């Protein structure tokens, strides 16, 4: 799986958009970009994933650059409950290897009043 | 619909002992994987099970073993516990042989003294 690079920490004011960047310059054509987050004392929670098109769901939006070497997770209106460690992961989506997620150290997002 | 459930939530063992952790996957999920998360680190993949067989394994010694039952539930066994085995052990499940995003439980906190 391709290696990802994320900032160690970020701050965001409540109600504002949180934009979390991720670099994955060695991503392969068949690798997807996944985002998970982990709130303190809980297991990781799936947020969103994509291959090359931008994606949006009820939690967030994922913007992937045209060359696929980087992406940005956007939380449109951050709340205090969004304070968590956010992990950007790239992986091949196929049977046999699909469950293996390679977590880095992630970005610790602190949402403040 | 219950999500992924793990038991026990906390456990204290002595060095050299053996431990068994249990996981019930989310309803409809056939694939279970286990992760170890040391304090301040991202989760590390241990192994994955579907159809009652270990399908993929991370860089963990043979002291770590597992089992999946016909009802898709799973156990993680660790023999000859070391102090360094102290960690949060996370179980994740997914449908369709692991091709869909993983759903994680909240983990078992194991402390080895």
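Taking all Cα pairs closer than 8 Å and separated by 6 or more residues, the relative contact order of segment A:1-76 comes to 31 percent.
How much of the DSSP bridge set in chain B is antiparallel, in percent, rounded to the nearest 5?
90
Averaging Cα coordinates gives a centre for segment B:8-77 and one for segment A:26-41; these two points are 21 Å apart. How would you classify segment B:12-58 from its alpha-carbon gyration tensor, with a ≥ b ≥ c the square roots of the eigenvalues: rounded for a/c under 1.5, else prolate if a/b is greater than b/c, otherwise oblate? Here segment B:12-58 falls in the prolate category. Scaling the Cα radius of gyration of chain B by the globular reference 2.2 N^0.38 Å produces a ratio of 0.99.
When both bridge partners sit in segment A:12-113, DSSP labels roughly 95% of those beta bridges antiparallel.
Quick one, what does Rg over Rh come out to for segment A:27-68 if you take C-alpha atoms and the Kirkwood Rh?
1.04
In a solvent-free Debye calculation with one equal scatterer on each Cα, what is log10 I(q)/I(0) for the protein assembly as shown at q = 0.12, 0.14 Å⁻¹, listed in the order of the q values? Values, matching the q order: -0.65, -0.88.
Once a ≥ b ≥ c are taken as the square roots of the eigenvalues of the Cα gyration tensor of segment A:1-96, is the result rounded (a/c under 1.5), prolate (a/b larger than b/c) or oblate (a/b not larger than b/c)? Verdict is prolate for segment A:1-96.
Read the figures in this text as sums done on the coordinates, not as results from a lab. None of these values were measured; they are calculated from a predicted model.
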